[in-house]
Amino acid sequence: MDVDIAVIGAGLVGLCFARALRDLSVALLAPEAPQPAPASDAPFGARIYAISPGNVAFLRALRVWQRIPEARVAPVHSMQVHGDDGRARLVFDAYRAGVDALAWIVEDAALQAALWQALEDREHCEKRVGTQCTALDVDERGVRLRLRDGGTFAAHLVVGADGAQSPLRAMAGIAVRARPYGQSAVVANFECERRHDNVARQWFQGGPILALLPLPGERVSMVWSLPERRAEALLGSTPEALCREVEQASGSVLGTLSLVGTPRAFPLQRLAAQRLTASRLVLIGDAAHVVHPLAGQGANLGLQDARVLAGILAARAPVEDIGSARILRRYERARAEPILAMDAVVNGLFGLFRSPDLGVGRLRNFGLNLTERLPVVKNLLMRQAMS
Ligand SMILES: Cc1cc2nc3c(=O)[nH]c(=O)nc-3n(C[C@H](O)[C@H](O)[C@H](O)COP(=O)(O)OP(=O)(O)OC[C@H]3O[C@@H](n4cnc5c(N)ncnc54)[C@H](O)[C@@H]3O)c2cc1C
């Protein structure tokens, strides 16, 4: 066999998984070369993640987190979720929960650059940049991968981290349930007049959902999930018009806003692979599941997949075949329930806050206020989001 594991896809999740593997040889396939790390004084890119404390600890253990300059990371000390009746509010607080931060905000480019740098320290990791896998031949001993450039190589196990459209998933014949949300997320960064005090704010607006996440300094990152036409119109508006709309939707809580950089839009879909594994093949990250960004949990779920799969492989018996059905079953058992649970929570919230029914409207705002007054429920929600 040429390598133990072939990792297909070098997004956040594939890179992290390749870094987390111990004592196993890896070939990492990336269609594009990595982007250089952003300069420490460059404006933030529009792709931002809220990373959970559990995943920050994981990235720290892999010596990835330490490589991101402090100036490119912001802690979230408090989270405010607003209902759509102008009154209901749910507040989460890091101090009361006894933690440093509820989440950490980091830009995609800085995190990916840190992951690529950390991979340089890893022995037996062959990076095959600028190539793609076009076919798989699986037998009882291993998998032979055929590449676009005509080359082939063999591995014991193939890990698909190639994103929501996952060509590998299709090659393995794994079906998906996919449904567009009918929304696009408009992302943009703003300079704000008032201090954000490291508070992440979110407004449910009876369908649309606006989030303003704190960045270092007096800047915020916006994710505004809107019906597709409205998202397109917003993206086409002038920077001034965009700023005024966001100020109005957020009740001017951060004062006057000025746009920094170029806004972008991402069409949103819900997707679940019907199986997480096939013969000698495992799916991780968006290749396995895509959830609405309203809870900022998509990448977090994917990083958990990487963490769990690397842990299962590290804990195997010395002679155990890493592509065996037993190993794959362990992964599927460990991940199926947390993935389903997150999908159910995110989709439930999306449906609840989109319903035009007046009774449902009262109920959802009552639910927010009730959760606010029930410390046990609040703590449960928090623990789920922080793992
Ligand atoms: C607006 C928005 C905001 C979000 N905010 C958050 C947040 O705050 N927190 C959070 O946890 N999540 C968030 N998410 C979700 C998060 O962006 C995704 O879950 C995450 O990027 C998935 O990472 P991935 O590595 O699995 O897939 P991807 O990032 O899609 O990476 C897949 C990689 O595979 C490569 N690839 C594709 N085809 C092939 C092939 N044939 N061969 C080899 N490689 C291939 C691609 O080039 C890419 O590099 C957000 C999503 C959106 C849309």
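The values are calculated or read from the model by the stated rules, or taken from the named source; none is laboratory data. Everything numeric in this text was worked out from a predicted model, so none of it was measured. Glycine also receives a Cβ, built like all others from the backbone with ideal geometry; neighbour counts cover every protein chain displayed. With ligands, DNA and RNA removed, areas are computed over all heavy atoms of the protein, side chains included. Shrake-Rupley method; radii C 1.70, N 1.55, O 1.52, S 1.80 Å.
Just to be sure I understand the filter: pairs with C-beta atoms under 7 Å, separated by 6 or more residues or on different chains, first member in segment 35-57 and on the phi > 0 side of the Ramachandran plot, second member more than 13 Å from the ligand (Cβ to nearest atom) and modelled with pLDDT of 95 or more. Which pairs pass?
none
So which residues in segment 160-179 are surrounded by fewer than 23 Cβ atoms within 10 Å (Cβ to Cβ), touching a residue at least 12 places away in the same chain (Cβ under 8 Å) and within 13 Å of the ligand (Cβ to nearest atom)?
Within segment 160-179, GLY163, ALA164, PRO167, MET171, ALA172 meet the criteria.
Among the listed residues SER221, SER225, identify the single one that is within 13 Å of the ligand (Cβ to nearest atom), at pLDDT 95 or above and under 28 Å from PRO69 (Cα atoms).
After ruling out the rest, the residue left standing is SER221.
Of these, ARG270, ARG201, which one is open to solvent by 30 Å² or more (accessible area, probe 1.4 Å) and at negative phi?
Going through ARG270, ARG201 in turn, just one is open to solvent by 30 Å² or more (accessible area, probe 1.4 Å) and at negative phi: ARG270.
Determine if segment 340-361 includes at least one residue that is farther than 25 Å from ALA299 by Cβ, modelled with pLDDT under 75 and aliphatic (A, V, I, L, M).
yes
Yes or no, residue by residue, for (1) open to solvent by less than 60 Å² (accessible area, probe 1.4 Å); (2) at pLDDT below 95:
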position	(1), (2)
VAL26	yes, no
PRO38	yes, yes
PRO43	no, yes
ASN55	yes, no
PHE58	yes, no
HIS82	yes, yes
TYR95	no, yes
CYS125	yes, yes
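Could you tell me whether segment 234-245 includes any residue that is under 26 Å from ALA164 (Cα atoms), of a type outside the set (Gly, Ala, Ser) and part of a strand (DSSP E or B)?
Looking through segment 234-245, none of the residues is under 26 Å from ALA164 (Cα atoms), of a type outside the set (Gly, Ala, Ser) and part of a strand (DSSP E or B).
Is it the case, given these coordinates, that ARG148 is near the ligand (Cβ under 10 Å from one of its atoms), without any contact (Cβ under 8 Å) to a residue 24 or more places away in the chain and either more than 19 Å from the chain's Cα centre (by Cα) or within 30 Å of VAL260 (Cβ to Cβ) (or both)?
yes
Just checking, how many residues over segment 180-197 are more than 14 Å from the ligand (Cβ to nearest atom), open to solvent by less than 60 Å² (accessible area, probe 1.4 Å) and closer than 19 Å to LEU259 by Cα?
The total comes to 3.
Cβ-Cβ distance below 8 Å, separation of 6 or more or different chains: which pairs start in segment 299-322 with a residue that is closer than 26 Å to GLN112 by Cβ and end on one that is of a type in the set (S, T, N, Q) and open to solvent by 40 Å² or more (accessible area, probe 1.4 Å)?
GLN304/SER387
Pairs, please: C-beta under 8 Å, at least 6 apart or cross-chain, first residue near the ligand (Cβ under 10 Å from one of its atoms) and in segment 123-138, second open to solvent by 60 Å² or more (accessible area, probe 1.4 Å) and in a strand (DSSP E or B)?
These pairs meet every condition: CYS133/ARG146; THR134/ARG146.
Hey, ALA155 hits all of (1) of a type in the set (A, V, I, L, M, F, W, C); (2) more than 30 Å from GLU245 (Cβ to Cβ); (3) at pLDDT below 95 but one; which does it fall short on?
Result: ALA155 passes all but (3).
Looking at segment 246-257, which of the residues that are open to solvent by less than 60 Å² (accessible area, probe 1.4 Å) and outside any loop (DSSP other than H, G, I, E, B) is nearest to PHE44 (Cα to Cα)?
So the residue we want is LEU257.
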